[in-house]
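Structure first, then comments.
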Amino acid sequence: TGWDAETGDYITFLDSDDEWYADKLKILDFYIKKQTGLSIIFHSYTLNDFTRQANWKQVKPQKYSFGKILVSNPVQSSCLCILRKIGTRFDIRFRYCEDHELMLRLAFQHACYRIPLRLTRLYSPQLLGQGLSGNLWKMRSGEMNMYWRIGRLSPLFLPLSPFILLVSLIK
């Protein structure tokens with residue numbers, strides 16, 4: 001609902017237990033204006049105090065493939081910036097792994113870029129006992145559900161689904 005009500009060009013997210021680097025929006029704006037056609041940008045995060053982002057204008061965004069996002073989830077929702085007019089939204093049926101599931105669908109349809117700067121601080125590390133991600137079994141179940149559904153993106157993924165599901169279960 002908030003996404004659809006927004007009037008700006010880009011959407012960013014901030015979880016209640018995370019913090020943004022003070023100049024994060026300024027830095028993202030710089031890259032959006034510098035590189036035409038950026039639809040999906042994400043950046044790194046830290047679990048520690050922020051360090052000064054010296055020379056951030058010299059950092060080059062790195063293209064991130066669907067395959068990289070498939071095998072690992074490099075994107076935390078508070079690190080994501082999406083062009084608002086993209087029609088892809090969170091799947092409200094997902095309570096776990098919703099950010100990874102969204103990123104898979106986005107990366108399948110659009111070029112994704114990572115800025116190797118730590119612009120978000122997580123106060124609650126993922127998968128370590130707090131919040132929804134602290135329930136490891138539900139997270140794995142959500143992940144398996146997500147991998148099962150990638151077959152809907154393309155029939156070519158159907159043969160991969162059992163293997164990916166098995167890897168998730170072994171985790």
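The values are calculated or read from the model by the stated rules, or taken from the named source; none is laboratory data. Since the model is a prediction, treat every value here as computed from it, not as a measurement. For neighbour counting, all protein chains shown are included, and Cβ atoms are generated from backbone atoms with ideal geometry for every residue, glycine included. Heavy atoms of the whole protein, side chains included, go into the accessibility calculation; ligands, DNA and RNA do not. Shrake-Rupley method; radii C 1.70, N 1.55, O 1.52, S 1.80 Å.
I'd like the residue in region 1-11 that is open to solvent by 70 Å² or more (accessible area, probe 1.4 Å) and not in a loop (DSSP other than H, G, I, E, B) and, out of all such residues, is modelled with the lowest pLDDT. The extreme case among them is Asp4. Screening Leu14 against (1) open to solvent by 40 Å² or more (accessible area, probe 1.4 Å); (2) out of contact with any Ser or Thr (no Cβ under 8 Å at 6 or more places or on another chain) leaves a single unmet condition, (2).
Restricting to region 23-59, and then to whatever is without any contact (Cβ under 8 Å) to a residue 12 or more places away in the chain and under 20 Å from the mean Cα position of the chain (by Cα), can you tell me which residue is least open to solvent (accessible area, probe 1.4 Å)?
Initially, region 23-59 is screened for residues without any contact (Cβ under 8 Å) to a residue 12 or more places away in the chain, giving 26, 29, 33-34, 36, 52, 54-55, 58.
With the extra rule that they be under 20 Å from the mean Cα position of the chain (by Cα), the set shrinks to 26, 29.
Details: Lys26: 120, Asp29: 65 Å².
Selected residue: Asp29.
With respect to Ser16, determine if the residue is under 23 Å from Thr88 (Cβ atoms) and either of a type outside the set (Asp, Glu) or touching a Cys at 6+ places or on another chain (Cβ under 7 Å) (or both). It is false that Ser16 is under 23 Å from Thr88 (Cβ atoms) and either of a type outside the set (Asp, Glu) or touching a Cys at 6+ places or on another chain (Cβ under 7 Å) (or both).
Of all residues in region 33-40, none satisfies being out of contact with any His (no Cβ under 7 Å at 6 or more places or on another chain), within 21 Å of Arg121 (Cβ to Cβ) and small (Gly, Ala, Ser).
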